[in-house]
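All remarks here apply to the structure that follows.
We did not get these values from a lab; they are worked out from the coordinates using the rules stated. None of these values were measured; they are calculated from a predicted model. When we count neighbours, we look across all protein chains shown, and the Cβ atoms used for this are built from the backbone with ideal geometry, even at glycine.
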Amino acid sequence: MVKIVPAGDSASVEQAIGKRLKVICGANTSYLEDMAWIGDKTPMSLADVRVSPNNIVKPNIGNVELAEALNRTLTFTATEDARPVLQCVLFTAGEGKLKLISADGFRLAIQDIDFDGEGQALISRDDLAGIANALRKARRVNLSFEASGESLDGMKLIIDTEAIRYSFMSVEGTFPDYEKLIPTDAVTVIHFDTLEAAKAVSSLKVLADSNSFPIDITTDGELIKLSSPDDKGQAVIPADIEGKANKIRVDGKFLADAFRACNGMVDLKVKDGVTPVLFAVDGYQLVTMPMLVGGEPKAEAEAGAEAEAGEGTEAGEGTEAEPEAEPKAEPKAEKPKSKRKVKEPVTA
């Protein structure tokens with residue numbers, strides 16, 4: 001191991017004159033002057049020097065899988081201020097799993113990751129923006145939950161990397177009882193490649209007259225047909241189909257988001273044309289509401305969260321509120337209090 005430090009006051013007067021660096025290798029010590037080893041023919045080059053802080057991180061979760069989980073859930077958070085709880089991602093850990101859950105009133109995303117720990121926090125989507133990209137560059141990641149100290153039941157989510165500690169305050173609010181919204185009574189299971197299906201959706205989008213473009217998905221033997229309701233265009237892709245023949249209509253943007261999140265082979269589980277459909281792959285589940293024929297996508301009681309004021313799941317508690325068949329006007333909810341993420345540089 002070679003240690004290089006500024007010469008400073010460690011050298012004698014004779015040594016320090018013109019000397020800039022002190023080099024230590026084992027029991028040997030030497031000094032380098034400015035522009036040492038550089039001649040007229042030395043080519044100019046750039047070096048990326050990284051100074052690592054003294055932060056020992058014991059990893060307990062993969063950096064790539066946590067980044068992927070964030071990307072798979074942040075897309076499906078609500079953007080409207082009237083749904084403040086649904087503008088968050090719920091982190092809940094227990095029984096050997098970490099779950100990231102998000103919902104926007106029409107879709108519900110759940111990602112499971114192997115994790116040894118317990119805790120729960122509701123984190124604003126704005127606080128999590130950009131974190132996935134940073135995690136991909138990290139070498140070691142440790143995730144944990146800590147008491148915030150600001151209230152008796154306040155929590156915060158801590159993500160440690162070798163360079164930065166991220167601290168996220170949990171939002172004050174309730175989250176829906178999402179587990180009862182996952183359909184379990186499918187009569188048709190379609191196994192297909194979402195990459196091919198995404199190309200078909202892009203082709204059909206060109207034919208749409210507006211930003212909202214419904215797409216019909218129809219099973220046909222060992223094929224599925226994606227088509228526009230007005231028969232302007234259709235695409236056929238191979239699939240393994242189990243169960244009954246079926247047909248559903250889904251918003252084209254919803255399909256594009258689902259195919260991008262699944263990114264490969266997926267199981268699409270369908271009951272009928274009005275019941276939520278389920279995309280499932282590798283510990284990831286995405287529930288999506290279909291479109292009624294001639295109508296808009298059907299909503300599920302704000303994915304369970306704010307259909308009834310005062311009811312819900314206090315970060316995991318059960319609720320008996322049933323999903324509603326159609327969206328309805330609801331009182332404007334008070335936006336929850338939250339704190340922005342804090343990046344804490346680690347001192348050496």
Query raised in the report: What FRET efficiency comes out for the pair Met35/Lys58, r = Cβ-Cβ distance, R0 = 35 Å, nearest 0.05?
Result: 0.25
Query raised in the report: How much FRET efficiency would the formula 1/(1 + (r/R0)^6) give for Leu292 and Asp81, where r is the Cβ-Cβ distance and R0 is 22 Å, rounded to 0.05?
Result: 0.25
Query - Förster radius 45 Å - calculated FRET efficiency between Lys137 and Glu95 (Cβ-Cβ, nearest 0.05) - result: 0.90
Report task. State the extension gain, in nm to one decimal, for the chain segment bounded by Arg165 and Ala129, taking 0.36 nm per residue of separation less the distance between their alpha-carbons. Result -> 11.4 nm
Query raised in the report: For Ser210 and Lys244 in one chain, what is 0.36 nm times their gap in residues minus the Cα-Cα distance, to one decimal in nm?
Result: 9.0 nm
Query raised in the report: Working out 0.36 nm times the residue gap between Ala27 and Glu146, then minus their Cα-Cα distance, what length gain in nm do you get to one decimal?
Result: 38.4 nm
